[in-house]
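Written out below as structure tokens is the structure these notes cover.
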Amino acid sequence: MTMTVPAIMAIGLVLLTAGLVALPLFRPAANRALGRGVESRDPVDRWQVEKDRLTGQLRENDMALAEGRIDQAAHGLNNRHLAAEAETALEALRRARDAFDPVDGPQARMPGRIGSALTMLCVAAAAFGVSRAASWNDIDMTVSPHADGRIPIEAPSAAAPALPPDMPMTADGAPDIGAMVARLEARVRDGAATSDDYRMLLRSYGVLGREAEAPEVLAAAAEQYPDDLEFRMNYLRMVIETPDAPPAAELLDQVGAVLAAAPDLAEAHWYRALLNLRLARPDAARADLEWLAVRLAPEHPATARVRSMLEMIDITGGTTGGRP
């Protein structure tokens, strides 16, 4: 088998890389103490670093208050958190007095030459096996697929997706999107639209850049199909944070209907908490936020937002808004 110049260069590069990786394993000098790293183990040094960090954050918190980026309540809350961190760091310094005594780092134990060679062979074999398995069904670009009859030369082209039987067409035979949208809008106005008609109309608005008209259609769909939670939730997502949103009491009734059908829907609990805050009902909002706090995973992006809102309610009893 004749090898091309790029293939030879690739093999040479792989061998060179493998050699450079394996070389330290065969050097006796590699069996040396690992040391303790560049970070100081001195408790005083560690306290100094932590103190500098906390001082910088306190200064930044004061600057944020002075520049109006946060209010007095948030400023006080941040100060309390930083003070608690400083107390924790100071307590750690008190407990770490014995760290002043130097401690020898662990002694490195490198494998022998035979073990290193066997390990490198296993790694190379595993890499080759994974490469072969990943390319098992790849197209062979070095030969023609027509040479052995696997793919006929006159292969039929894939059929185009079928259009709806009542799709209006233009004079040149292309689908008339505008006429289709007008027909769907007429069905919505007449109250004769099916749930699929609503979904098709909403998708068409997205394609045509008419998203501003979607809330009205979603409201009609939710009213005509009250058991379809998708329409209700999409409507709430679109309007709950807009400046011209319907009254909070009206939206609260819709969220209540959703929760009556799906009591464990976390997003609906979140919306109900926001709306209760807008209506100056912090206790009702707290109930939904606490429901979320015990069910959301710690790494969930909404967890921090939920806990922050609970803290703000405890401090001010005020209102807030936004999505988690």
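FYI, it's all coordinate maths here, none of it is from the lab. All values derive from a computational prediction rather than experimental measurement. Because the Cβ atoms are built from the backbone with ideal geometry, glycine has one as well, and the counts that use them run over all protein chains shown.
Full-extension gain between H300 and D196, please, as 0.36 nm times their residue separation minus the C-alpha to C-alpha distance. Show your work: numbers first, answer last.
Working: separation 104, 0.36 × 104 = 37.44 nm, distance 3.32 nm.
Answer, rounded to one decimal: 34.1 nm.
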- line: Sorted by chain and then number, the residues having a modelled amide H within less than 5 Å of the amide H of D228, at least 5 places away or on another chain, are none
Residue-wise HN-Hα coupling along segment 56-73, computed from phi with Karplus coefficients 6.51, -1.76, 1.60 (Hz; x: Gly, Pro): x, 5, 5, 5, 5, 5, 5, 5, 5, 5, 5, 8, x, 7, 9, 9, 5, 5
query: Kirkwood hydrodynamic radius of segment 248-319 from all distinct Cα pairs, in Å?
result: 12.2 Å
Ratio of Rg to Rh over segment 40-96 (Cα coordinates, Kirkwood Rh, two decimals): 1.09
- request: Neighbouring Cβ atoms within 10 Å as the yardstick, rank L236, L58 fewest first.
  value: L58, L236
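Taking each pair of distinct Cα atoms in segment 188-324 once, what is the resulting Kirkwood hydrodynamic radius in Å? Intermediate results must be reported in sequence, preceding the final value.
On the way: mean 1/r = 0.0624 Å⁻¹.
16.0 Å is the Kirkwood radius here.
If you average 1/r over every pair of different alpha-carbon atoms in segment 175-239 and take one over that average, what Kirkwood value in Å do you get?
Values: mean 1/r = 0.0851 Å⁻¹.
Taking the inverse mean of 1/r over all distinct Cα pairs, segment 175-239 comes out at 11.7 Å.
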FRET efficiency estimate (nearest 0.05) - Cβ-Cβ, V5 to V130, R0 25 angstrom: 0.45
